[in-house]
Each structure stands twice: as structure tokens, then as C-alpha cells.
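Peer 1: Have a look at this one before I ask anything.
FYI, it's all coordinate maths here, none of it is from the lab. Keep in mind that what you see is a predicted model, and the values were worked out from it rather than measured. Neighbour counts run over all protein chains shown; Cβ positions are idealised from the backbone, glycine included.
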Amino acid sequence: MTSAYDKPIPIPANEDLTRPFWEAAKSRELIIPYCKSCTNLFFYPREVCPNCFSKDLTWKTMSGKGSVYTYTHVRQAVHPSFQSANGHIYAIIELAEGPRMPSGIVGCEPEEVYVDMPVSVVFEDITEEATIVQFQKS
Ligand SMILES: [Zn+2]
């Protein structure tokens, strides 16, 4: 996408902590950190469980189904690469398995989005190396 500033879209940092998430997204799979000590699923990835502070963590594959917990219509993007004529939808998605995650909603007009709207995951290749996780109305 070109913009007035012609900056490339920001690429997610591929650090050790988040690498499994981005690699799974590239393979069209949504995975979420899981605490083996207390069975807590959580997002965003952290080095310790936010519930019990255990470091005994792994990843769990999610169904990709969920619903809109809350959302906003962003008319002025924080980065020119995200700016479009009609803005974009930034949402907190409550996954069917319980955890909530920030994401974007694509494939519909902002006026069509509502709280509790059922959504399913979609994966968007933004470069050859990077794939981002978004959601669409199911
Ligand atoms: Zn825990």
C-alpha cells in the first residue's frame, strides 16, 4: 500500500519469545501461550504466566473462532501504512477457548461490526516473510 509518507508496513519483530506465534501464522495456524502449571491461556506472549508466574509454558492451537469483545473504528492510523480511505477496525477478540487478543477486523464495513459478532481468523501475508493475524465476520 502506498501512502503520503510512503513508509513500508511495520513488520512484526521476530524475537525468540514470539517467533512460534509468527511462524504458526505463516502456516495458517493460530497458537496462544499456555501455562502447564495452572492451565491458563493468555495473550500476548510473555516469559512468565500472568496468572501464576510459572515459566513452564508451551503453545496451544486455537480453533480460530471467537467473538468481538470490543472494537473501535480507527480513522487516523498510527502508521501511514495502515491508513485507508475508510480507516480500519481495531478490536479485542475473545477466542472461543477464552483468552482475548487484540487484532483487526477485515472484510466488512465499520458500520457492520458489533459487540459479540462471531468472527473467525484470517491470515494476511504482508510480506514474503511476515504474516499477520486478523479476523473476519463468520
Ligand atoms: Zn500459570
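Peer 1: Cross-link candidates for K36: which lysines have Cα within less than 20 Å, leaving aside residues fewer than 8 places away along the same chain?
Peer 2: Cα-Cα hits under 20 Å: K55, K60.
Peer 1: Sticking with this one: Per residue of segment 97-105, in order, report the coupling 6.51 cos²θ - 1.76 cosθ + 1.60 (Karplus, θ = phi - 60°) as ³J(HN,Hα) in whole Hz, putting x for Gly and Pro.
Peer 2: 7, x, x, 10, 9, x, 6, x, 10
Peer 1: Positive end of the dipole of the chain, charges at C-beta (+1 Lys, Arg; -1 Asp, Glu), about the Cα centre: which of F42, I31, V68 has its Cα farthest in that direction?
Peer 2: With unit charges placed on the Cβ atoms, the residue in question is F42.
Peer 1: Give the residue list of chymotrypsin sites (Phe, Trp or Tyr not before Pro) in segment 108-138 that are DSSP loop and have at most 16 other beta-carbon atoms within 10 angstrom.
Peer 2: Sparse-neighbourhood loop chymotrypsin sites (Phe, Trp or Tyr not before Pro): Y114.
Peer 1: Could you put V119, V133, V113, V48 in order, starting from the residue whose Cβ has the fewest other Cβ atoms within 10 Å?
Peer 2: Numbers: V119 26, V133 22, V113 17, V48 12.
Exposure proxy ranking, most exposed first: V48, V113, V133, V119.
Peer 1: Only counting other Cβ atoms within 10 Å, I'd like W22, W59 sorted with the fewest neighbours first.
Peer 2: W59, W22
Peer 1: Of G107, C52, Q134, whose Cα points farthest to the positive end of the dipole of segment 19-137 (charges on the beta-carbon: +1 Lys, Arg; -1 Asp, Glu; origin at the Cα centre)?
Peer 2: About the Cα centre, the residue reaching furthest to the positive side is C52.
Peer 1: Check which residues have an amide H placed less than 5 Å from Y71's amide H, if you skip close sequence neighbours.
Peer 2: The list, which skips near neighbours in sequence, is I92.
Peer 1: Order of F21, F42 from fewest to most other C-beta atoms within 10 Å?
Peer 2: In increasing order of surrounding Cβ atoms, one gets F42, F21.
Peer 1: Quick one: what are the phi-derived ³J(HN,Hα) couplings along segment 91-96, Karplus 6.51/-1.76/1.60 with θ = phi - 60°, whole Hz, x for glycine and proline?
Peer 2: 9, 9, 9, 8, 5, 4
Peer 1: Same structure, new question: Starting from the Kirkwood radius over alpha-carbon pairs of the chain, derive D by Stokes-Einstein at 10 °C in a medium of 1.306 mPa s and give it in µm² s⁻¹. Intermediate results must be reported in sequence, preceding the final value.
Peer 2: Details: Rh = 16.0 Å.
So the translational diffusion coefficient is about 99 µm²/s.
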